[in-house]
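Participant: Okay, handing you the structure first.
The values are calculated or read from the model by the stated rules, or taken from the named source; none is laboratory data. All of these numbers come straight from a predicted model, not from anything done at the bench. A quick note on method: Cβ atoms are made from the backbone with ideal geometry, for glycine too, and the neighbour counts reach across all protein chains shown. Side chains included, ligands, DNA and RNA excluded: accessible areas come from the protein's heavy atoms. Shrake-Rupley method; radii C 1.70, N 1.55, O 1.52, S 1.80 Å.
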Amino acid sequence: MSESLFECLRGQCESQGFDLCHPFHTGWYNTLIEDEGHVKSGVLKKLSVPPPSRFFGDNTTNTSVCNAVLLGNTKKIWPYFLEFLKEKYEEEKQRLSDSEEALKLVLDEPFDKFCTMKLQKIFEEIHKKSSGDNGEQFEYDFFWSHGKCNKMKSAGKTNGTSHLITLESDENLMVSMQRAAVVTGHYWHDVDGTKLCIHPKFGTWSSFRAVVLIRNKCEVSFDHELIPKAAPSLLSRPIPDSEIAKAQEVMKVALGLTMNGDTLSTKYGESLCQFLHSTVVEGSDWSKISPSMRSWIHLRDCISLGRSEYRFENPQLLYHYTR
């Protein structure tokens with residue numbers, strides 16, 4: 001195979017709007033959360049540490065020490081999400097013969113559903129590619145940013161093609177997407193100002209959707225002494241002191257307003273037609289956004305890095321902040 005399965009995954013994810021795809025080793029994540037005291041306090045739990053996966057190699061050698069991948073997106077995901085909404089609405093309207101009920105169904109946590117359906121479909125396609133007669137087989141543990149977990153594992157073959165089944169988990173394990181991002185070496189975690197991860201190109205304008213732990217179904221021989229105990233390199237701070245200080249002031253305002261009860265409670269989602277065409281919807285008029293909500297949005301804007309080119313467009317930004 002000329003390209004690794006990981007490169008196939010990266011390409012397919014990008015084609016669906018998930019343009020952030022970073023491999024890492026779960027041991028690095030465990031070391032970080034333990035060093036920060038989150039394991040001892042019970043705030044976070046360690047992830048399991050399976051052997052490095054051939055998923056990241058070339059099917060004959062295992063040149064990578066990674067066993068997991070962090071998936072996310074920039075503003076590029078928005079048109080893919082809108083197209084998904086439109087398609088799901090048409091499907092449900094035809095099935096139910098009731099446009100109002102179809103709209104209610106489609107607007108029930110649509111972005112989480114979009115991410116789950118699209119990413120699991122991608123892994124199904126990758127699994128088919130990897131599981132030929134002499135191919136490698138893998139199992140996948142999904143840890144979603146909304147807190148749910150599930151597994152995808154082989155269900156055998158039909159007409160020579162391997163299929164995956166999805167097993168839901170009753171016990172959800174919250175994974176810190178920010179700390180997973182840090183150990184990929186691509187992000188700096190601003191713990192003092194915005195509390196967000198900052199990318200040297202996108203700034204604060206990226207979002208994380210899932211950590212996927214990838215297990216080899218067959219045993220892999222690997223010298224674990226070759227795996228660094230912590231991430232090989234961490235990103236240095238890419239922003240100036242002045243912007244951190246500005247973010248700290250905005251954070252104080254946001255927390256103060258929120259604690260005083262000034263939060264936006266109206267649920268986003270009006271007419272699907274308006275929503276899909278990015279015309280005026282509830283929340284599009286910035287004057288109608290509560291002061292506390294505007295402060296949380298302004299927090300991202302404190303960081304100039306990437307802001308002019310990668311800042312979310314208003315419909316996308318307001319959707320995420322007014323759900």
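Participant: Pick from segment 1-17 the residues that are over 21 Å from Gly72 (Cβ atoms) and not small (Gly, Ala, Ser): which of them is most open to solvent (accessible area, probe 1.4 Å)? Full working, then the answer.
Facilitator: Within segment 1-17, the subset over 21 Å from Gly72 (Cβ atoms) is 1-3.
With the extra rule that they be not small (Gly, Ala, Ser), the set shrinks to 1, 3.
Numbers: Met1: 108, Glu3: 85 Å².
Result: Met1.
Participant: Whether any residue in segment 18-37 is aliphatic (A, V, I, L, M), crowded, with 18+ Cβ neighbours inside 10 Å, more than 14 Å from the chain's Cα centre (by Cα) and in a loop (DSSP other than H, G, I, E, B) is what I want to check.
Facilitator: Within segment 18-37, not a single residue is aliphatic (A, V, I, L, M), crowded, with 18+ Cβ neighbours inside 10 Å, more than 14 Å from the chain's Cα centre (by Cα) and in a loop (DSSP other than H, G, I, E, B).
Participant: Related question: Pull out all pairs, ordered by first then second residue, where Cβ-Cβ is under 9 Å, the residues are six or more apart or on different chains, the first lies in segment 293-317 and is free of Cβ contacts under 8 Å to residues at least 60 places away in the same chain and open to solvent by 60 Å² or more (accessible area, probe 1.4 Å), and the second is part of a loop (DSSP other than H, G, I, E, B) and not hydroxyl-bearing (Ser, Thr, Tyr).
Facilitator: Partner pairs satisfying both residue conditions: Glu309/Lys201; Glu309/Phe202; Glu309/Trp205.
Participant: Can Gln274 be described as at pLDDT below 50, open to solvent by less than 90 Å² (accessible area, probe 1.4 Å) and part of a helix (DSSP H, G or I)?
Facilitator: Values: at pLDDT below 50: yes; open to solvent by less than 90 Å² (accessible area, probe 1.4 Å): yes; part of a helix (DSSP H, G or I): yes.
Against the criterion (at pLDDT below 50, open to solvent by less than 90 Å² (accessible area, probe 1.4 Å) and part of a helix (DSSP H, G or I)), Gln274 qualifies.
Participant: When the residues of segment 143-195 are narrowed to those that are surrounded by 19 or more Cβ atoms within 10 Å (Cβ to Cβ) and without any contact (Cβ under 8 Å) to a residue 40 or more places away in the chain, which ends up farthest from Lys118 (Cα to Cα)?
Facilitator: His189
Participant: Can you pull out every residue in segment 49-74 that is of a type outside the set (A, V, I, L, M) and either out of contact with any strand residue (DSSP E or B) (no Cβ under 7 Å at 6 or more places or on another chain) or modelled with pLDDT of 95 or more (or both)?
Facilitator: Residues satisfying the conditions are Pro52, Gly57, Asp58, Asn59, Thr60, Thr61, Asn62, Thr63, Gly72, Asn73, Thr74.
Participant: Here is a further query. Looking at (1) at pLDDT 75 or above; (2) part of a loop (DSSP other than H, G, I, E, B), which is the one condition that is false for Gly261?
Facilitator: The failed condition is (1).
Participant: When you go through (1) closer than 18 Å to Ser15 by Cα; (2) surrounded by fewer than 19 Cβ atoms within 10 Å (Cβ to Cβ); (3) modelled with pLDDT of 85 or more one by one for Lys93, which number turns out not to apply?
Facilitator: (1)
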